[in-house]
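> This is the structure I want to talk about, given as C-alpha cells.
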Amino acid sequence: MRVIGMISGTSFDAVEAVAADLTLEGDALVCDLLGHLSSPFPPALQAAVAAILPPATTTIEAVCRLDTALGQAFASVAERLMIASCDGQVDVVCTHGQTVFHWVEEGVARGTLQLGQPAWIAERTGATVVSDVRMRDIASGGQGAPLASLLDVLLFGGRGNQVTVALNLGGIANVTVLDPERPPLAFDTGPANALIDAAVRWVTGGVEPFDRDGQRAAAGTIDAPLLDRLRADPYYAAPPPKSTGKERFHLGYLLDALGGRSIPPNDLIATVTALTAETVAAAVRSAGAAEVIASGGGTRNRSLMAEIAQRLPGIRLRQTDDYGVPESAKEALLFAVIGFLTVHGLPGSIPSCTGARHASVLGSITPGRVAPGWSAAERMPAKLVIRHRLPTPEAGT
C-alpha cells in the first residue's frame with residue numbers, strides 16, 4: 001500500500017512528507033521508502049500560525065481561515081510528492097496537521113487541536129485521508145503524545161539487553177525509553193528548539209528564525225541565574241507520562257523568567273540551549289541508557305548536540321540516519337505508519353508510552369475518490385524493516 005505521511009511540527013517552519021510502500025509480512029511491517037519532501041511554509045502562512053498560538057488571542061474566523069490555508073498547503077505538498085515519488089497515485093495520506101493548542105491541566109491531557117482541513121487533501125490527491133490522530137488517545141486517558149513512541153518501538157525495540165533511548169528534538173523534545181526488562185516508556189522532556197527559536201527571533205527582531213548550526217550559542221556564555229530559574233519549572237520533576245507544548249514554553253515564558261534583567265543576546269541563546277541539553281540529558285541518565293538515537297531539527301544544531309554529548313559521557317549518541325531513516329523524515333514516516341495501521345483497523349498508540357487505558361485505532365477518516373477495499377489485518381506488526389533507503393543528499397542540499 002502506498003502511503004504518504006505528513007507533519008508540521010511545533011517549529012511550524014515546514015511541512016515534512018514521506019512516501020512509503022508498506023506491506024505486512026508476518027510480524028514485520030516492511031517499508032520501501034519512496035521519497036521525502038520538505039516544503040518550507042510561505043512567510044504569510046508561518047505568520048498566521050504564529051499569530052494564533054498562545055498566549056495570543058484569536059477569533060473563530062482566524063481559526064477557520066487558517067484551517068483552510070493549512071489544509072490547502074498540506075494538499076499541495078501531498079500532490080507534489082505523489083507525482084514525484086508515487087507515479088501520481090497513492091492509497092492513503094495521513095496528516096498530522098499543525099498543532100495550535102495542546103490542553104493539559106494538572107498533568108492530565110484534556111484536548112488537543114491540530115489544524116489543516118483534510119478534505120482539501122482528499123480532493124487534491126483522491127486518496128483516503130487519516131487525520132486528527134491524537135484525540136482518540138486522549139479520550140482513552142492518554143496524553144496523545146509522544147506518538148513517536150510507536151515508530152521507536154518498531155524500529156529500535158528488541159536491541160539485546162541494553163537500554164536505548166530514542167530522542168526527538170523538534171520544538172519540544174521527547175524520548176522513548178526502550179528497556180528490555182520493562183514496557184516502553186515515552187514522554188516530552190520539555191523544550192528542544194522552542195525557547196531557542198523564540199530567543200533568536202526576539203534578539204534579532206525576527207530577522208533570524210533560528211540559531212543556524214548553533215553559532216550564537218557557541219559564541220555566548222551560560223547565565224547561571226537564568227538557567228537555575230528555568231530549571232525550577234515543576235514540569236521537569238513531574239513523573240511520566242507527560243506532554244507539553246508551546247502553550248507553555250514560548251517567548252512570554254522566557255521573558256517572565258528573565259524578570260526584567262538584560263543579558264547579552266548570545267548569552268541568552270546559550271542559556272536556553274543549555275536548558276534543553278540538561279533536561280534531555282537528565283531524562284537519558286534516569287533511564288540508564290547505553291545508547292541514544294536522535295532525530296529532528298535540533299540534531300542540526302551543533303552546539304545543542306555538543307552540550308548533550310558533554311552531559312552524557314560514556315553513552316553512544318547516534319542518529320536515525322544510521323538506521324535507514326533520515327532524521328528530518330522520521331516523524332513523517334511515523335504518520336505514514338499510523339495511516340497504514342488505521343485503515344487496517346490496527347492500533348497506533350502504545351498505552352505504556354502515552355498513559356492511555358488501552359491501545360486505540362487512531363484518527364478520523366476522510367474517504368478519497370475510491371472507497372477503501374482492504375480488510376482489517378489480523379495482528380500488529382512487531383517491527384519495521386526498511387527495505388529500500390532514500391539516497392543520501394549531497395552536501396549543501
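> Could you give the DSSP H helices of the chain that reach 15 angstrom or more along their long axis (alpha carbon positions) and whose average Kyte-Doolittle hydropathy is no lower than 1.0? Intermediate values should be presented prior to the final figure.
Working: long enough: 60-85 (37 Å, 0.81); 265-287 (34 Å, 0.74); 330-343 (20 Å, 1.79).
Result, helices passing both filters: 330-343.
> Of the trypsin sites (Lys or Arg not before Pro) in the range 167-274, which ones lie in a loop per DSSP and count no more than 15 other C-beta atoms within 10 Å?
When the trypsin sites (Lys or Arg not before Pro) of the range 167-274 are filtered for loop state and at most 15 Cβ neighbours within 10 Å, Arg261 remain.
> What ranking do 335-342, 141-148 get when scored by the average of other Cβ atoms within 10 Å per residue, highest first?
Listed from highest to lowest mean packing, they are 335-342, 141-148.
> Straight-line reach only, C-alpha to C-alpha below 18 angstrom: list the lysines that Lys330 could link to, leaving out same-chain residues fewer than 8 apart.
Lys383
> At 7 Å along the Cα-to-beta-carbon direction for both Arg65 and Leu255, put a label point, then send me their distance in nm to one decimal.
Between Arg65 and Leu255, the label points sit 2.3 nm apart.
> For an R0 of 35 angstrom, estimate the FRET efficiency from the Cβ-Cβ distance between His358 and Thr204 and round to the nearest 0.05.
0.15
> Taking R0 as 51 Å, what's the FRET efficiency between Arg231 and Asp87 from their Cβ-Cβ distance, rounded to 0.05?
0.50
> How high is the relative contact order of the range 151-260, given as a whole-number percent (alpha carbon pairs under 8 Å, six or more residues apart)?
It comes to 24 percent, rounded to a whole number.
> Please state the charge dipole magnitude for the range 153-312, taken about the Cα centre, from unit charges on C-beta atoms (+1 on K and R, -1 on D and E), reported in debye and rounded to the nearest 20.
For this selection, approximately 100 debye.
> Where does the chain land at 222 nm, in deg cm²/dmol rounded to the nearest 500, when only DSSP H runs of n ≥ 4 count, each adding -39500 (n - 2.57), divided by all residues?
Helices in the chain give a 222 nm mean residue ellipticity of -10500 deg cm²/dmol.
> At 1.4 Å probe size, with the rest of the protein present, what percent of the exposed accessible area of the chain is carbon and sulfur atoms? If you can, show how the numbers build up before the last one.
Numbers: 8770 of 16580 Å².
After summing per-atom areas, the C and S share lands at 53 percent.
> Can you compute the charge dipole magnitude of the chain about its Cα centre, using +1 on each Lys and Arg Cβ and -1 on each Asp and Glu Cβ, nothing else charged? Give it in debye, rounded to the nearest 20.
The dipole of the chain has a size of about 240 debye.
> Could you state the number of Å between the C-alpha centres of the range 90-167 and the range 312-355?
A separation of 10 Å, based on Cα centres.
> Length gain on complete extension for the stretch Arg212 to Arg379, per 0.36 nm per residue less the alpha carbon to alpha carbon distance?
The span from Arg212 to Arg379 would gain 55.7 nm if fully extended.
> Consider the candidate values [x] 1.02; [y] 0.94; [z] 1.35; state which one is Cα Rg over 2.2 N^0.38 Å computed from the structure displayed.
[y]
The values are calculated or read from the model by the stated rules, or taken from the named source; none is laboratory data. Computed from a predicted structure; not experimentally measured. All Cβ positions, even for glycine, are placed from backbone atoms using ideal geometry, and neighbour counts span all protein chains on display. SASA here: full protein model, heavy atoms, side chains in, ligands and nucleic acids out. Shrake-Rupley method; radii C 1.70, N 1.55, O 1.52, S 1.80 Å.
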